[in-house]
Amino acid sequence: MANGKLDSKINILVVGGGGREHALCWKIAQSRFAGKIYCAPGNGGTAQDERITNVNLSSDDFAGLSEFASNNQVDFVVIGPDNPLADGIVDYMQARGLTVFGPKKEAAKLEWSKAHSKQFMLQHQIPTARFSVVTDFESAREFVRQNEWARVIKADGLALGKGVFVCNSESEAVEALTAIFKEGRFGDAGSTVVIEEKLIGEELSLLLLIDGKCVMPLSACQDHKRRFDGDKGPNTGGMGAYSPVRLFEKHKNEINALVIKPIEEALRNGSLEFRGILFAGILVGVPAANQSEQASDPSPFVLEFNARFGDPETQALMPRLKSDLLALLWAGANGTLDAERIEWLDQAAVCVVLSGEKYPESSSKGKEIEVGTLPPHSFLFHAGTKLLDGKLVTNGGRVLALTALGESIEQARENAYKAIKQVKFADMDCRSDIALREVGQCLST
Ligand code: AMP
Ligand code: GLY
């Protein structure tokens, strides 16, 4: 491996079992450098793919995973989910001599502590909603009483996307504070709370591949977090995504100057040590209080950072990626990204998540899944599935993600919904309006 560049086959272990990990394994399998590919624990989709071997170890079993990697000549470990990163899996594995893609625990704090992440943005002048950090109910209640702008309440730690309350009134904000502080609904994640100004606008996901020095932005995506059409219903892990995004193209220069440049500078001056994917959730909009003022043009604000690939953003992105993913991830882990280029297909991708009807309240379990012949340029990534006596059955909240490519978002969207007709399970459901806003039609109200 001259100059840290891959020049021969390596064996890879991908940690995680969701749609994101299936999409990563699928793309890694296309690399000319891919030797054996293991996925722990994987899912029904990775089990069915002859290029991938599932390993029955959970992503929190650091000792088991490290031992497996050492005993099976694994050269490179790629971490998918947030929890093991927050618990220090990269530090643990590196201490045992493994080469790992992902940030160390302290770097992943940009995701696992919202208070830390806001302080980082403030320190580096990255635009973000005004905020205050509080650690007890009384001072939090007083803060929302005194500040009319303070209507977004966030539990500090990882809370599966459920610890954020976007409120419309002081009383709703106090209810949220009660749930966090008094009812302890988020356990330790809720011992500190970030109170923010409410912003109004449109969101996009920007994933940045970072090798400690260089920042390589991936193509922008848009996620659909709410469960039902028209952005109704509770927040979920994500019901669909698409890429590229016009909103990003329109605000590219500002996002580059206000978000990417300060991150590069922080890497350069040593105030950020990061290797892996830094995922910025960006809202292009205005503070709610300024909404009616003509003077305020929409501009980008970072809502949050994640320290990993997005799900389902990854399932939308991987079929568009022309470059060798394994070479890029290896360069990201080894500090050699400056020698790499990233290229994308001109085609657009639309990814629709298929869940059980009751998701997110409950998961689909044990329902047989039938998959017919998928049309060309469509890809089925598994998440909550498993093989039971040789049959594919449902086994989780988000069951599958179907991604289709097309010459435009409109075409990709049409292709995705056509391909979905080839997939069936008893309680299957999906949103019917993924990417509809991008093709210029209003979301149903
Ligand atoms: P987060 O986990 O911080 O990204 O928040 C989850 C979701 O809550 C975001 O995707 C937004 O839809 C919403 N949200 C978060 N912060 C704000 C804010 N300051 N103003 C309006 N909506 C927000
Ligand atoms: N789709 C949002 C996330 O992965 O957090």
Just the accessible area per residue of segment 130-197, please: how many Å² with a 1.4 Å probe? 50 Å²
Enumerate the aspartates and glutamates that K418 could reach by cross-link, defined here as Cα to Cα under 14 Å, with residues fewer than 8 away along the same chain left out. E410, D433
Using a Förster distance of 41 Å, the FRET efficiency for K421-S271 (Cβ separation, nearest 0.05): 0.20
In segment 5-43, the trypsin sites (Lys or Arg not before Pro) that fall in loop regions by DSSP, at most 14 other Cβ within 10 Å: K5, K9, R32
Mean separation of Cα contacts under 8 Å (at least 6 apart) over the residue count of segment 106-254, i.e. the relative contact order in percent, is 20 percent
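Looking at this model, which pairs from K109/K252; K109/K367; K213/K322; K5/K250 are more than 30 angstrom apart at the alpha-carbon?
Those over the limit are K109/K367; K5/K250.
Using only the heavy atoms of the protein chains and a 1.4 Å probe, how would R141, R341 rank by accessible area, largest first?
Result of the area sort, largest leading: R341, R141.
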Could you derive backbone 3J(HN,Hα) for segment 235-246 from the dihedral phi with the Karplus parameters 6.51, -1.76 and 1.60 (θ = phi - 60°), listing whole Hz in sequence and x where the residue is Gly or Pro? 5, 10, x, x, 9, x, 7, 8, 7, x, 10, 4
Amide H within-cut-off set for R130, under 5 Å, with H built and near neighbours excluded: E197
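When N is the residue count of the chain, what does its C-alpha Rg come to as a fraction of 2.2 N^0.38 Å? Walk me through the numbers on the way to the answer.
Working: Rg = 21.3 Å, N = 445, 2.2 N^0.38 = 22.3 Å.
This ratio for the chain stands at 0.95.
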Determine the distance separating the Cα centre of segment 194-251 from the Cα centre of segment 64-115; give it in Å without decimals. 25 Å
Taking the Cα centre of segment 101-233 as the origin and placing charges on Cβ (Lys, Arg +1; Asp, Glu -1), which of G212, T128, T192 is farthest toward the positive end of the dipole? G212
Where GluC sites (Glu not before Pro) fall in DSSP loop in segment 174-220, at most 12 other Cβ within 10 Å: E183
Over the Cα atoms of segment 330-445, what Rg and Dmax result, in angstrom? 17.0, 49
Where segment 299-445 is the region considered: accessible area per residue in Å², 1.4 Å probe: 41 Å²
Binning at 5 angstrom from zero up to the longest distance, how are the C-alpha pair distances of segment 252-391 distributed in percent? 2, 7, 10, 14, 16, 14, 12, 11, 8, 4, 1, 0, 0
Can you send over the carbon and sulfur percentage of the accessible area for the chain, probe radius 1.4 Å, protein chains only? 46 percent
Per residue value of the accessible surface for segment 9-104 (all protein chains in place, 1.4 Å probe), Å²: 37 Å²
Excluding residues on the same chain fewer than 8 positions from K182, give the aspartates and glutamates whose Cα lies under 14 Å from its Cα. D136, E138
Rounded to 5, percent antiparallel among DSSP beta bridges of segment 17-170: 40 percent
GluC sites (Glu not before Pro) within segment 220-321: DSSP coil, no more than 13 neighbouring Cβ in 10 Å: E273, E293
Assigning unit charges at the beta carbon (Lys, Arg +1; Asp, Glu -1) and nothing else, what dipole magnitude in debye, to the nearest 20, does the chain show about its Cα centre? 640 debye
Electrostatic dipole magnitude of segment 130-197 [Cβ: Lys, Arg +1; Asp, Glu -1; Cα centre; debye, to 20]: 140 debye
With label points built 7 Å along Cα→Cβ from the Cα atoms of L122 and S169, find their separation and express it in nm. 3.0 nm
Out of A435, S362, V352 - ranked by how far each Cα lies towards the positive end of the dipole of segment 348-444, with unit charges on the beta-carbon of charged residues - the top one is S362
Inter-centroid distance (Cα atoms) of segment 269-288 relative to segment 145-190, Å: 22 Å
Going through the cross-link list K162/K232; K198/K232; K154/K198; K386/K424; K198/K358, which pairs have a Cα-Cα distance over 21 Å in this structure? K198/K358
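The values are calculated or read from the model by the stated rules, or taken from the named source; none is laboratory data. A quick note: this is a predicted structure, and the numbers were derived from the prediction, not measured. Cβ sites come from the backbone with ideal geometry, for glycine too, and all protein chains shown count toward neighbours. Heavy atoms of the whole protein, side chains included, go into the accessibility calculation; ligands, DNA and RNA do not. Shrake-Rupley method; radii C 1.70, N 1.55, O 1.52, S 1.80 Å.
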